[in-house]
Amino acid sequence: MTAHWKTAWVVGGSSGLGAEVVKQITADGTKAYVSARNKKTLEGFCASLENAIPVKLDVSHEGECLQVVNEIVSTIGELPDLIILNAAIYTPMGCENFDPKSIADMMQVNYLGVVNMMAALLLHHQAGKKTTIAAVASPSGWSGLPGGVGYGPTKAALINLFEGLNAELQNTAFDLRIINPGFIRTRLTDLNDFPMPQLMEPEDAGRRLLSGLKKNGFEISFPNPFILFLKLLHLLPYWLYFKLVRKKS
Ligand SMILES: NC(=O)c1ccc[n+]([C@@H]2O[C@H](COP(=O)([O-])OP(=O)(O)OC[C@H]3O[C@@H](n4cnc5c(N)ncnc54)[C@H](OP(=O)(O)O)[C@@H]3O)[C@@H](O)[C@H]2O)c1
């Protein structure tokens, strides 16, 4: 196998979708740095693979992001060819369990975690090295949905951030991408108690994500027709939108 990327860094890569991506790229020969908070799980996972190097990191700490980005740059001599910002946490939430603390925790990781990473990465932008930086968002960021009132806004903010940054960074060394996967069977969706249309296995989602990254284009969203349905939903007038997404009692 020939590696598409010589070096990569998957932040939030020790379980679920991120872990699957790490398995697939390292099997192709990419040398992958892998980050997450839980050191034991991270080291155990990386030890099971060739070419995977654990680098413990909590993206909610700005200083830690700065330090780890600098460490990786000094080890490789430049930024990795591919960086996937995939770390997130999720608590299903509606009006019955609406909780500011839980919302703040999700915002701190899912949105501000990416902000912290981008602040550190942008310091290396002038180096001129081509680097693909992909943020994993979610279609739940497109429109407000029942059960997603805590998580959805974190992904809406992330999509908006990456749209703005991409407008700033077009035709520069940074190739920005936003990834919006549908439902994937992971420990996050294990928390859902509603039917999940076109639920993907992590292997399948990982393959689709990597195939999208190998092509051009800012947005990588899958699987259809579920994604197409959600995109159309977002375009509807509110009176019709709320009829369709009404919470079943
Ligand atoms: N599953 C789905 O259906 C689905 C759908 C759309 C989008 N997504 C998005 O896809 C991404 C992966 O989700 P998943 O379902 O694969 O979740 P997962 O299995 O829980 O994986 C999340 C990864 O992020 C790490 N992480 C969490 N908080 C972190 C922090 N503060 N700093 C660094 N690493 C952290 C976790 O390890 P530690 O806990 O050890 O830190 C783990 O490696 C997320 O961005 C999620 O929002 C998922």
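Every number here is computed from the coordinates shown, using simple stated rules; none is lab data. Values in this document were obtained by computation on a predicted structure and should not be read as measured data. Heads up, the Cβs are rebuilt from the backbone with ideal geometry, glycines too, and the neighbour counts pull from every protein chain shown.
Under 12 Å Cα-Cα from LYS215, which aspartates and glutamates qualify once same-chain neighbours fewer than 8 residues away are excluded? The qualifying aspartates and glutamates are ASP175. Region 214-234 and region 122-181 have Cα centres spaced 15 Å apart. Fully extending the segment from ASP204 to ALA47, taken as 0.36 nm per residue of separation minus the present Cα-Cα distance, adds 54.2 nm.
Here the alpha carbons of region 80-169 define both size measures, Rg and Dmax, at 14.5, 50 Å.
Take the Cα radius of gyration of region 152-201 and divide it by 2.2 N^0.38 Å, with N its residue count; two decimals is plenty. Walk me through the numbers on the way to the answer.
Working: Rg = 14.9 Å, N = 50, 2.2 N^0.38 = 9.7 Å.
Normalised by 2.2 N^0.38 Å, the Cα Rg of region 152-201 equals 1.53.
Here is the list for region 91-164: chymotrypsin sites (Phe, Trp or Tyr not before Pro) lying in DSSP coil, each with at most 11 other C-beta atoms within 10 angstrom of its C-beta, are PHE98. Gain on full extension, evaluated as 0.36 nm per residue between LYS129 and ASP28 minus their Cα-Cα distance, stands at 34.1 nm. For the chain, the relative contact order comes to 18 percent (Cα pairs under 8 Å, sequence separation of at least 6). Distance between the modelled labels on PHE194 and LEU169, one decimal in nanometres: 3.3 nm (7 Å Cα→Cβ projection).
Using a Förster radius of 35 Å, what is the FRET efficiency between GLU62 and TYR241 based on their Cβ-Cβ separation? Nearest 0.05, please. Working from the Cβ atoms, E equals 0.40. Across the chain, the longest piece that holds none of the GluC sites (Glu not before Pro) lying in DSSP loops with up to 13 other C-beta atoms within 10 Å covers 97-249.
Can you tell me what percent of all Cα-Cα pairs in region 1-124 are more than 22 Å apart?
Tail of P(r) above 22 Å: 36 percent of Cα pairs.
So for the chain, what are the equivalent ellipsoid semi-axes in whole Å, largest first, each being the square root of 5 times an eigenvalue of the Cα gyration tensor? Walk me through the numbers before you get to the answer.
On the way: eigenvalues 177, 73, 68 Å².
Rounded to whole Å, the semi-axes are 30, 19, 19.
Given only helices, namely DSSP H runs of n ≥ 4 each adding -39500 (n - 2.57), what is the per-residue ellipticity at 222 nm of the chain, to the nearest 500 deg cm²/dmol?
Values: 9 runs with 104 residues, N = 249.
That calculation yields -13000 deg cm²/dmol at 222 nm.
When only C-alpha pairs under 8 Å and at least 6 residues apart count, what is the relative contact order of region 106-249, in percent? Don't jump to the answer; show the numbers that get you there.
Numbers: 155 pairs, mean separation 34.0, N = 144.
Contact order relative to length: 24 percent.
Label point of LYS248 set 7 angstrom out along Cα-Cβ; within region 87-111, amide nitrogens under 19 Å from it belong to 92-96.
Over region 101-163, what is the relative contact order in whole percent, taking alpha-carbon pairs under 8 Å and six or more residues apart?
Details: 42 pairs, mean separation 26.7, N = 63.
The value is 42 percent.
Between exposed trypsin sites (Lys or Arg not before Pro) in the chain, where DSSP calls loop and at most 12 other Cβ atoms lie within 10 Å, what's the longest gap? The partial results should precede the final answer.
Working: sites that count: LYS6, LYS130, ARG187, LYS215, ARG246, LYS247, LYS248.
No qualifying site falls inside 7-129, the longest such stretch.
Of all lysines in the structure, the ones whose alpha carbon falls short of 26 Å from that of LYS56, not counting any fewer than 8 places away in one chain, are LYS6, LYS23, LYS31, LYS39, LYS40, LYS101, LYS129, LYS130, LYS155.
For region 144-235, the spread of Cα positions along the three principal axes, ordered from largest to smallest, is 43, 28, 26 Å.
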